1. Please work out if C:Glu97 is farther than 24 Å from B:Val100 by Cβ and among the acidic types (Asp, Glu).
2. Might you let me know whether the range C:94-104 holds any residue that is within 14 Å of chain A (Cβ to nearest Cβ) and either in contact with a helix residue (DSSP H, G or I) (Cβ under 9 Å, 6 or more places away or on another chain) or over 16 Å from C:Pro200 (Cβ atoms) (or both)?
3. Just the residues that are away from chain C (no Cβ under 14 Å) and either of a type in the set (Gly, Ala, Ser) or closer than 29 Å to F:Asn215 by Cα (or both), please, taken from the range F:105-115.
4. Are any of the residues in the range F:152-168 open to solvent by 10 Å² or more (accessible area, probe 1.4 Å), assigned to a loop (DSSP other than H, G, I, E, B), modelled with pLDDT under 95 and not assigned by TED's automatic domain parsing to the domain that holds F:Asn7?
5. Which one of these is assigned by TED's automatic domain parsing to the domain that holds B:Leu81 and either of a type in the set (A, V, I, L, M) or under 26 Å from B:Gln108 (Cβ atoms) (or both): B:Ile176, B:Ile212?
6. Restricting to the range D:187-222, name every residue that is assigned to a helix (DSSP H, G or I), free of Cβ contacts under 8 Å to residues at least 24 places away in the same chain and more than 7 Å from every other protein chain (Cβ to nearest Cβ).
7. Quick one: would you say C:Gln148 is surrounded by fewer than 21 Cβ atoms within 10 Å (Cβ to Cβ) and within 14 Å of chain A (Cβ to nearest Cβ)?
8. Looking at the structure I just gave you, is E:Arg184 part of a helix (DSSP H, G or I), open to solvent by 20 Å² or more (accessible area, probe 1.4 Å) and either touching a strand residue (DSSP E or B) at 6+ places or on another chain (Cβ under 6 Å) or within 22 Å of E:Thr15 (Cβ to Cβ) (or both)?
6 protein chains.
Amino acid sequence: MTLFVINPNSSEAVTAGIDAAVDPLRAFGTPIRCVTLAEGPPGIESQAQADGTIAPMLKLAERLEGEAQGFVIACFGDPGLHALRDRTTLAVVGIQEAAVMAAMQLGQRFGVISILPGSIPRHMRSFGAMGVLDRLAGDRALGLGVVQLADPGATEQAMVDTARALRDQDGADVLIMGCAGMARYRKTLQVATGLPVVEPCQVAAAQALGQIALNLSHWRDR
Amino acid sequence: MTLFVINPNSSEAVTAGIDAAVDPLRAFGTPIRCVTLAEGPPGIESQAQADGTIAPMLKLAERLEGEAQGFVIACFGDPGLHALRDRTTLAVVGIQEAAVMAAMQLGQRFGVISILPGSIPRHMRSFGAMGVLDRLAGDRALGLGVVQLADPGATEQAMVDTARALRDQDGADVLIMGCAGMARYRKTLQVATGLPVVEPCQVAAAQALGQIALNLSHWRDR
Amino acid sequence: MTLFVINPNSSEAVTAGIDAAVDPLRAFGTPIRCVTLAEGPPGIESQAQADGTIAPMLKLAERLEGEAQGFVIACFGDPGLHALRDRTTLAVVGIQEAAVMAAMQLGQRFGVISILPGSIPRHMRSFGAMGVLDRLAGDRALGLGVVQLADPGATEQAMVDTARALRDQDGADVLIMGCAGMARYRKTLQVATGLPVVEPCQVAAAQALGQIALNLSHWRDR
Amino acid sequence: MTLFVINPNSSEAVTAGIDAAVDPLRAFGTPIRCVTLAEGPPGIESQAQADGTIAPMLKLAERLEGEAQGFVIACFGDPGLHALRDRTTLAVVGIQEAAVMAAMQLGQRFGVISILPGSIPRHMRSFGAMGVLDRLAGDRALGLGVVQLADPGATEQAMVDTARALRDQDGADVLIMGCAGMARYRKTLQVATGLPVVEPCQVAAAQALGQIALNLSHWRDR
Amino acid sequence: MTLFVINPNSSEAVTAGIDAAVDPLRAFGTPIRCVTLAEGPPGIESQAQADGTIAPMLKLAERLEGEAQGFVIACFGDPGLHALRDRTTLAVVGIQEAAVMAAMQLGQRFGVISILPGSIPRHMRSFGAMGVLDRLAGDRALGLGVVQLADPGATEQAMVDTARALRDQDGADVLIMGCAGMARYRKTLQVATGLPVVEPCQVAAAQALGQIALNLSHWRDR
Amino acid sequence: MTLFVINPNSSEAVTAGIDAAVDPLRAFGTPIRCVTLAEGPPGIESQAQADGTIAPMLKLAERLEGEAQGFVIACFGDPGLHALRDRTTLAVVGIQEAAVMAAMQLGQRFGVISILPGSIPRHMRSFGAMGVLDRLAGDRALGLGVVQLADPGATEQAMVDTARALRDQDGADVLIMGCAGMARYRKTLQVATGLPVVEPCQVAAAQALGQIALNLSHWRDR
């Protein structure tokens, strides 16, 4: 029985990055498989794109359910999170929600590194729905799309500058990487800022494994 | 040029009820056409159903755009609201959002009459995303599905009892009907409670007509 | 039967500006008359001045009630809003409240352009009373009085600079003009910022016309 | 030099009750004089009545200013509080604001005993403007007008029942008397509920005396 | 290297209950040792008792640090949580904080089952400090002390009744057991309410193991 | 009978500064004695240090109780505030809580001058627990420890610069000195900023004297 981490964009490189990021959690004993949603766009940069992944993601989850102990939806925006929870009694974790809840245990005010300015209003709606806006220090955009993130030359300095602005100008004492495709920069950011940095796929997978081990996922049956 | 009110469920009876509800606004001069999303479910009662209407709704809106001045998405839950705003520069109004904003100008604490208990967590997420939870008096469910709402015998007394509980136990001084299929009961509720009652399709259409007249819809161009 | 827009300051030039701003809404069919409160100060810049307009405004509204379908109180600060609602069953809309509710349907975080720094604490109290502080991006003052606003040379650049600071430093994605005397600058600000700009008298009048058409104003009687 | 406590209603009996309530504070050394606003209504039960007291209250304060060290506005609703602060550099304290701030140092969630149901939306706006709604347990109305409060037979049991409902059903661990005319019942309520009970005129006068002693009132000059 | 779960009360029976509760997480591979703070009181029922455990707990943690990968502080109230975080770079998790963050991923509004009425103001302060009060459905006390909890006859029905009141009257869709000594009743409560029930020691230990595996604990060094 | 102001750090110089600060309140008639907690650290700069003062402070208060009418805990952070309230029926006031409540009656948004950056997350937790984050303009650190504060050369300009940044960049219209050792700079800050400045020991002592005079301290008995 497996924990499936579904990358709702169609980029295999992003899926590979997620797979590397969650690797330390394989020591917990449950197999973790990262899968790509073939029907997704190469990167999810708008609400319409995010919403468009829900129907195929639900179908994919349905196909996988026989082998599954739980699911992680690996897009910062958590598309389909509540829809999938309606459809299954297995553990369902969204990386945005999990990242915020983990960050709130590591610092008092979290800062978010987003890809594009257009992501920020979506994040504000999500943080409002979670009821955690009092804990938000700031949300700043890199101005880079999902695909550009794969190019370290273009990305690394922008991430460090954004992280430091969140710390120094907004008062963040913990940082959240606001996209599933940023995992490789976590250590760089920690060193550059001296702050804990939450990679959302990692903490979501850890959260899901905890729910599974404790039967919080399918509590209805047990 | 027309304001389109899209009912994302496939029930023509609900569309007809919406059409009657918005009729007083035709005096403003802009044609209003209420259309049914054929691909929708008979009633939208879960997050998965709501999310499933987004893709076909976006396609319908795209087909109608040539004749349109604006759109109202007529499901309490506003599925696809932000996705459609990403796609068009026309006015796009969601009935839930419009109902809350209208109610906040008619009373200090609004009460919501929902159909099923499962609707309430979804509403809480929406009200949190809107940042208006301090104005919520309460949200109470009838325990009736969308289809049952069409039967006045089963519905009227339940609505009155729920409305009075929101007023007397929760402190509501304005009420919101939490479903597009409740319009016919508005006057009954006002008489029974002595409170203003917001029918969400009505205020959403009025809001859209205002945005259109004031060029708030396609402000980018003008 | 008429919608009366009451300018509680005594400046006829401000009233003329409001009249021009609401003109597009005359197409809805209801006559709109903008009237000046002769007893008001030339400009309302303090809480004491705002409070001082309430008694004469209530008398003016009483005199007009026989010909009225509703009232808009056209001062950002909404002096006497709840007092007039206590006195009449007609529609009563405040431009500040209406502007905020309209803005919350056009963007996630609103920025406010105020006239003087002393206005800002008053606005904070109002936004707190409305329960919408989580949606506020920022409130910045031009440092210009109501009378100076009539001089475009002194005003236009200050408004553009303030609007851009709200967008770029505070994260606003929709702007509210925080005074009834700013209407003429709306288009300039939209072009300069690329953001929707809410002129409060316009959206208040639209809101009032909607309430009237839907009998939300005198719901007690119908 | 004197602290003036202005009762903005015209009832001398209420002023006498306030005078008795603040008497223990005369030991602090500053003379306290309670004065009645002759132009006020016999009791303030609506927003329009409250607003109507502001202009004559400002005039009264102006006349008294030469002998004054500070003012308390003794109506729960704080009419004219910010207007008077605009007009004078002396200490100006509102009894509602002072009561809330005192209660928040005596318990975690405060309950308010109001006179009429119509008071509650006004209170909610005030508590929202103060930013303290997270600390409110509940606000319950006696259903008695200001004049009826003077009749102990009609009032005492209603106050005890309301206080106990705030404690037992709403979770209040400190109570606020939501009207300047309730002072005589404070001890009864404390005995009946076992909770601390804040009489707003008392804590407002204490707060004003503190501001005066510490020069927080006219900090501009010193 | 071990995860230490410190029970700050001196009751070995409570420690044994915690040990049983976290047992499913031993499959993750890291040794988990539950230790009793000998200097603690038999049960922690007041703020003074909670604060009194901090100094000996810090000393115990210091002694254990050489063998430790992280610590869980197993008292609902999280005494010393931030003090211990100041002292060590290892993972430090509080069961109250962890329980709230886990519950917020399992439902929209959490209900808390407390032991005594006096616990509730402390919880309110904590939830306010966490910034999560918008997600709280209610907090209800059993009226039983820590020691009485060990007697199933006295406890089980009270817990079920309290849990159902949180669900039916307060709208909770997820429950938190508000004391480290309630673990044995989790399954009973799930069956009786049909809601997920969070046992705080379990989710805190899972959270700590995740932080350890992902180096979120001592991010400073790596 | 005496009001005791307990300085929980062991610096006699800080105690002397507090004694001078509260001196104007001796005119109220109640003796005020400022005492040093010998067991405290020279300055309290971390949560662990603050928590460590609670046990000896409770013992000191117990010894003093026979001569006491009330206690002020004179450390910004209010260590042991709720523990001491559990232990005595006398008035117990914390300087942080009192400062916030006083500031909220002097301006709409308060700014806090802290000593070290590490103080700020602690303050955020406290302001959240108080439910007043909507009133916070900002909290900025001097970057100076408690001991350095005693050196005016090093401190005065840093305080003025920080105060002006709170006013000009964060929008504060009232300032709070976020440490018991800053009292001597109050007048300088008022002149430099034109804003009211709250020295927390002063307002806490005033608040305690008011509670004592009004029997709000030991309401249980009277």
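The values are calculated or read from the model by the stated rules, or taken from the named source; none is laboratory data. All figures in this text were calculated on a predicted structure; none of them were measured in a lab. All Cβ positions, glycine included, derive from the backbone under ideal geometry; neighbour counts span all protein chains shown. Heads up: the accessible areas ignore ligands, DNA and RNA and are worked out on the full protein's heavy atoms, side chains in. Shrake-Rupley method; radii C 1.70, N 1.55, O 1.52, S 1.80 Å.
1. No; evaluated as a whole, the condition is false for this residue.
2. Yes, the conditions are met somewhere in the range C:94-104.
3. Taking the range F:105-115 and keeping what is away from chain C (no Cβ under 14 Å), we get F:112-115.
Within the range F:105-115, just F:Ser114 meets the criteria.
4. No.
5. B:Ile212
6. Listed by number, the residues that qualify are D:Lys187, D:Val191.
7. Details: surrounded by fewer than 21 Cβ atoms within 10 Å (Cβ to Cβ): yes; within 14 Å of chain A (Cβ to nearest Cβ): no.
In short, no.
8. It is true that E:Arg184 is part of a helix (DSSP H, G or I), open to solvent by 20 Å² or more (accessible area, probe 1.4 Å) and either touching a strand residue (DSSP E or B) at 6+ places or on another chain (Cβ under 6 Å) or within 22 Å of E:Thr15 (Cβ to Cβ) (or both).
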